[in-house]
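The values are calculated or read from the model by the stated rules, or taken from the named source; none is laboratory data. Keep in mind that what you see is a predicted model, and the values were worked out from it rather than measured. Cβ placement follows ideal geometry from the backbone for every residue including glycine, while neighbour counts extend to all protein chains displayed. Surface accessibility is based on the protein's heavy atoms, side chains included, excluding ligands, DNA and RNA. Shrake-Rupley method; radii C 1.70, N 1.55, O 1.52, S 1.80 Å.
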Amino acid sequence: MNQIEINTFIEKMEEFGDIWTEDQVRDVYGDKTLEEAIADRQSAHSKMAKIIGTVLNR
């Protein structure tokens, strides 16, 4: 990802309370596209929401 995409990713994730630094984005998603990185995080958010739902509904 380039710098603009990194900043876009950070801003998008902040909307969900998922805080990232530029270095973290580069380390984890530096070789991915912005779209791939966002899709991966959205998948992680979805999985976490399912886990939380399961725990709360016991």
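Multiplying the residue separation of residue 14 and residue 32 by 0.36 nm and removing their Cα-Cα distance gives an extension gain of 4.6 nm. Ligands, DNA and RNA left out, the 1.4 Å accessible surface of the chain is 53% carbon and sulfur atoms.
Spacing of the modelled spin labels on residue 22 and residue 56, each 7 Å from Cα toward Cβ, amounts to 3.6 nm.
Taken per residue, the accessible surface of the chain reaches 74 Å², heavy atoms only and a 1.4 Å probe. Tell me which label goes with the value of P(r) over Cα pairs in 5 Å bins from 0, in percent computed from the coordinates here: [x] 3, 13, 11, 12, 12, 12, 9, 8, 7, 8, 3, 1, 0; [y] 4, 19, 28, 21, 11, 8, 6, 3, 0; [z] 4, 23, 23, 17, 13, 9, 7, 3, 2, 0. Given [x] 3, 13, 11, 12, 12, 12, 9, 8, 7, 8, 3, 1, 0; [y] 4, 19, 28, 21, 11, 8, 6, 3, 0; [z] 4, 23, 23, 17, 13, 9, 7, 3, 2, 0, the structure-derived one carries the label [y].
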